[in-house]
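Report on the structure given below.
The values are calculated or read from the model by the stated rules, or taken from the named source; none is laboratory data. Being a predicted model, the structure only gives us computed values, none of them experimental. No Cβ is skipped: glycine too gets one built from the backbone with ideal geometry, and neighbour counts run over all protein chains shown. Each accessible area value is taken on the protein alone, full model and side chains, heavy atoms only, with ligands, DNA and RNA left out. Shrake-Rupley method; radii C 1.70, N 1.55, O 1.52, S 1.80 Å.
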Amino acid sequence: MLKDFKDTIIAPVTGVQPSAVAILRISGSQAIDISKKVFSHWPSEFKYRYAYYGTFKNSDDGLLIAFENNKSFTGEECVEWQIHGSLASIQSLIDLSCREGARFAKPGEFTMRAYFNGKIDLTRAEAIKDSIDAKTESHFRLASNVRNGKIYLECLDIKKSILKILAQVEASTDFSEEVGDLNTLEVSEVLTLLLKKLDLLLNSKSSSKLLRKGVRIALVGKPNAGKSSILNMCLGRARAIVTDIPGTTRDTIEESIEIAGFPCILVDTAGLRTARDIVEQIGIDKSKDELENADIVWYVYDASLGWSTEDQEVYGNITCPKIKIANKSDLIRLIPEGIKISTFTSQGHQDLMLATKKLVPGIDIENQIYLNERQTDLLEKIHNLMINSLHTIQNNYSSDLLSVDLYTVIRYISEILGESANPDVIQEIFSEFCLGK
Amino acid sequence: MNAFDIVVIGAGHAGIEAALSAAKSGLSVACVTLRLDRIGHLPCNCSIGGPAKGHIAREVDALGGMMAIATDHTLTHIRKVGTGKGPAVQTSRAHVCKSLYPKFMQDVMSKQKGLTLIEGMVQEIIYDKVVSGVKIRQSGSQELTNIKCRAVVMTTGTFLNGVCHIGKEKKDAARDGDQAVYSLTDFLKNIGVRIRRFKTGTTPRISKHSVDFSKVLAMESEPDAGPMSYLNDRTFEKHPLLPCWQTHTNLTTHEILSNRLKESAMYSGQIDSVGPRYCPSIEDKVVKFADKHSHPIFLEQEEWDHESMYVQGFSTSMPLDVQREAIKSIKGLENAEILKPGYAVEYDMIDPMQLSLSLMSKLLPGLFLAGQVNGTSGYEEAAGQGLIAGINAVQYVRNEETLILRRDQAFLGVMIDDLVTKGVEDPYRMLTARAEYRLILRHDNSDQRLTPIGRKFGTVCDDRWMKFSNKKNEIEKSFLGLKSTFTGPQHSYAVEAAGGGKIINKTSIFDLLKRPELDLDTLEKVSKELNLSLVFSKDKSVRQQLTIMAVYDGYLQRQQDEVDRILSMEQRRIPEGIVYAELKGLSFESVEKFTNIMPETLGQASRIPGVRPSDVVLLSRYI
């Protein structure tokens, strides 16, 4: 991919399915030349960043907008064609362009060029992918914060402060006769401050992880407690088969919903009892696995039958956050333990959502960020090194040991920003992108 | 007499190491110098070592050089520096006798087998695509003699077009009492070498008899700093070591200097060359650090049998009367008598970016350059380059592998890589801060890092090799012993009695040594008490290595990890003759820089200032 860096590349940026409008992007030194050959109405007084209407060589018609070097997304000469979203039209224009010297872009290639041409740093490049992949609005907002430079700017700031400390360390070692010893008090104050900044960034770690993986919510309980009915209620459609025969659900069923901005996976499980046959036994084993894997357990019991000792035994052993749900509460007069639900009337649905919301981390869409695994890993390494350097300085260990850690911090920051990263890592990051980005 | 394998021009600190290391290989070597009695001369202060410079002196020694041996034999004063700043920064600073040190070197040079000393001036280097000889005018003769050779090591120091300045006085000379050299600059320009002017300076010398010692602080020698050379078990001073004395400049001094600043050769515009940033003249300090009310001054006796004292920290090119007035304003120097004024010298230096990492010119195969002419300052920096250039001249003549030390192997590697990759803007002085892996590049372990390399390249003699091997074996044996001898809770009482913390789990003696409250002496006592079958080495330097290995274990490991991480980049060689302009995708600036510098490895390419990381990534895909 890197060897072909100077090729002119083309791809649909709007995906490959029939739609009202499709946009083709062509980027590279030949982008204008090829556009001239493909677009029949090239204006006599052409200007960048103006839209021109006309017909294309394949008889489609639409708009053309060109962006000059450095001012385009990729940092190269770049032209976008807005055409009808017909797969046939897209294909024929790509074929025409390739005959004129363009090449079909690989996934992520436009963004990679933007990164290599210095238009964006690595975190902002990654945030483009993360925004596109976002499944919920909150996820998108947090990724957008990164796309707008939140990690980039913070990292630059931290780097600047650390370089300043290092300059002091170096001056005090090489020129101690002139500049005196290191002001350790001042340095440890700065380090403490930087650690707080890092903490703030890393605050987003757990919510980012849940946004990435989704929150796994297991519906668990005895047979015929109404777990499947609750699943259907939450989805707003009859997804799981519901009968009044205990043990109807045999295999686990997974469905996605959004709660408090997180993508959640609702997992309906087989009711827990002594199995009647081998199929049910497998289902029950799976239910027990789910109890281990879940981030949250909704424990459902039949309120009309009451909370049993078996219920208590299972419920008491659940280690993750859990909610007790009294289903069929429309059948009783007494106020039962847990959240009252009636799947017939949908009564209690809101209460269940609210209770679940309390169990996931709150998201501050203004200030939090979406941290991917690579960024999290590097930020945590930096955090540990900073704690170690603070320890070094507070224990009056010699100052050149401090620099061992701080130089490594600088390297990790450069790695986060993609200023110095292993070529293979860079390739891998961009290969995960979707087509046309 | 008219043909040698290698000719070394100059016999300063670079020339000496170049000539000796080349001659040790068995090739025939001539060393041409203007005055045989100036071999190993110390024109500035008589000090060897100090932060980073001490490291280089030790590295030169570990590779079989002569500098540290001569220091041990001509020592007048020695002190430890950087104590308390960590193991990486610790080193020593020695003062040597200004008359004995050159005599020692002259003796060594004249006795070296395969080395011929010639008094005279090299007028020209003869070449035809490669170096083929030199034209020499011998002392006392007007005739030019042609000498054939296959390689030349130029170590001309400040001699090329040298001009000395004292205030407005100006004379053509390379330094006090030595004539300058003119013809070689023309030769260099003819082959395309870029020449620039640098300046450096020295301090006035004052008479010891005129100093009021009651008003200055005596700093005694610290003989336990140990010898500089790994070859020596002790130093060989002629008399009991001397102290050195400290005093300070004050506001009156600064006023005198700033009032007459216009008369300084530097500030009057008479000199427009670039001076050393890290060794500034006193008038520079007064201007640049205007907020400082005082600068430290050290008085160093230059010779055993002479009254002359060097005034460290007071390098100047002011007129003599200003020097006198300013000196007299300093506490303790009220009646000081100036024996010789301070002066500045301007000289031609070559752009080191036109050298390869072997220190051979990229413009003329067979021509090596080393020392101050490459834009460095300092005896140690010069000696280090001389040694490497000498070895590589031999390797060139023999058509064998060149010696290139990496940045993680030696300060010498850091220095040469910096010179060749980044060039110099002002005289380059070694600083510990220039080394990224300095915890590994310590004063104490230079032999462990470099003596095997010197042995491979033929500069390490049998004596040194034997000594090194014994020490290495003892370190390894002791290290294994400490690692494989374990203590447990049952031994805790003895450790606690010796002032240590409790032993809770099975712990090796090596791990106990990591504890801040325990040292090797204590552990030796404890293990005797406990009848552990563990033999402790008696060798002080071995014990020091073991202690450092234990105490800094975590840090050393982390730094080693960093080294391992970059090693793949350092070992990726860029093939010669690559045409960068033909590589698709490289930015224009990078093409230009790569073409000029011709980096030898991917690591070196990545350190060229202004090269985008993405261009290094691209380059990595092509090679």
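Of note:
- Accessible surface calculations at 1.4 Å, restricted to protein heavy atoms, place chain A at 46 Å² per residue.
- Shape of segment A:191-279, Cα gyration tensor, a/c cut at 1.5: prolate
- Computed [θ] at 222 nm, deg cm²/dmol, chain A (DSSP H ≥ 4; -39,500 (n - 2.57); rounded to nearest 500): -14500 deg cm²/dmol
- Charged neighbours of residue A:135, selected by a Cβ distance under 13 Å, balance to -1 (K, R count +1; D, E count -1).
- In this Cβ point-charge picture (+1 for Lys and Arg, -1 for Asp and Glu), segment A:211-357 has a dipole of about 300 debye about its Cα centre.
- Percent of beta bridges antiparallel (DSSP, chain B, rounded to nearest 5): 75 percent
- The apolar share of the surface of chain B, taken as the fraction of accessible area on carbon and sulfur atoms (1.4 Å probe, ligands and nucleic acids excluded), comes to 51 percent.
- Taking every C-alpha pair closer than 8 Å and separated by at least 6 residues, the mean separation divided by the residue count of chain B gives a relative contact order of 16 percent.
- When every Cα-Cα distance of segment A:299-437 is counted in 5 angstrom steps from zero, the calculated P(r) takes the values 2, 8, 11, 10, 9, 8, 7, 8, 9, 9, 8, 6, 4, 1, 0 percent.
- Considering only A:190, A:224, A:409, and ranking their Cα positions along the charge dipole of chain A that arises from unit charges at the beta-carbon of Lys, Arg, Asp and Glu, the one farthest toward the positive end is A:224.
- Residues whose placed amide H lies under 5 Å from that of residue A:325, excluding near-sequence neighbours: A:299, A:300, A:301, A:339
- Value of [θ]222 nm, deg cm²/dmol, for chain B, DSSP H segments ≥ 4, -39500 (n - 2.57) each, nearest 500: -10500 deg cm²/dmol
- Between the listed residues A:93, A:105, A:69, the Cα displaced farthest toward the positive end of the dipole of chain A, a dipole computed from Cβ unit charges relative to the Cα centre, is found at A:93.
- Across segment A:1-50 the C-alpha pair distances fall into 10 Å bins from zero in the proportions 20, 43, 32, 5 percent.
- Whole-Å distance, taken between Cα centres, linking segment A:10-28 and segment A:182-231: 37 Å
- Tensor-based shape of chain A (alpha-carbon gyration tensor, a/c under 1.5 rounded, otherwise prolate or oblate): oblate
- Overall dimensions of the protein assembly as shown as given by Cα atoms, namely Rg and Dmax in Å: 37.7, 126
- Here the 3J(HN,Hα) profile of segment B:403-409, calculated from phi with Karplus coefficients 6.51, -1.76 and 1.60 at θ = phi - 60°, is 9, 10, 8, 7, 5, 8, 9 Hz, Gly and Pro shown as x.
- For residue B:574, residues with placed amide H under 5 Å, excluding near neighbours: B:601, B:602
- For segment B:480-607: Kirkwood Rh in Å [reciprocal of mean 1/r, alpha carbons]: 18.6 Å
- Placing +1 on each Lys and Arg Cβ and -1 on each Asp and Glu Cβ, with no other charges, gives chain A a dipole about its Cα centre of roughly 1360 debye.
- Shielded residues, segment B:75-95 - accessible-area loss of 40 Å² or more between chain alone and all protein chains, probe 1.4 Å: B:85
- Placing a pseudo-label 7 Å from each Cα along the Cα-to-Cβ vector at residue B:622 and residue A:377 gives an inter-label distance of 3.1 nm.
- Fraction of accessible area attributable to carbon and sulfur, chain A (%, probe 1.4 Å): 52 percent
- DSSP bridge pairs, the protein assembly as shown: antiparallel proportion in percent, nearest 5: 70 percent
- For segment B:483-549, the Stokes-Einstein estimate of translational diffusion at 37 °C and a viscosity of 0.692 mPa s comes to 274 µm²/s, using the Kirkwood hydrodynamic radius over alpha-carbon pairs.
- Normalised Debye scattering of chain B at q = 0.06, 0.07, 0.09, 0.13 Å⁻¹ gives log10 I(q)/I(0) of -0.35, -0.48, -0.79, -1.42, counting only Cα atoms as equal scatterers and leaving out solvent.
- Span-rule helices in chain B, defined as complete DSSP H runs reaching 24 Å or more along the axis (Cα) with Kyte mean at least 0.0: B:379-397
- Subset of B:483/B:540; B:199/B:422; A:57/B:584; B:53/B:171; B:477/B:540 violating a 26 Å alpha-carbon distance limit: A:57/B:584; B:53/B:171
- Across q = 0.09, 0.10, 0.11, 0.13 Å⁻¹, segment B:33-151 modelled as identical point scatterers on its alpha-carbon atoms has Debye log10 I(q)/I(0) values of -0.38, -0.45, -0.53, -0.69, in the order of the q list.
- Rounded to whole Hz, the Karplus (6.51, -1.76, 1.60) HN-Hα couplings of segment A:90-96, x for glycine and proline: 4, 4, 5, 5, 5, 4, 4
- Largest-first principal axis extents of the Cα set of segment A:9-119 (Å): 37, 34, 25
- Euclidean distance between Cα centres, segment B:57-85 to segment B:488-553, Å: 31 Å
- Summed buried accessible surface, chains B and A, 1.4 Å probe, nearest 100 Å²: 3100 Å²
- Rg ratio for segment B:279-335: its Cα radius of gyration over 2.2 N^0.38 Å, N being its residue count, equals 1.20.
- Taking max minus min of the alpha-carbon positions on each principal axis, segment A:211-357 gives extents of 40, 39, 30 Å, largest first.
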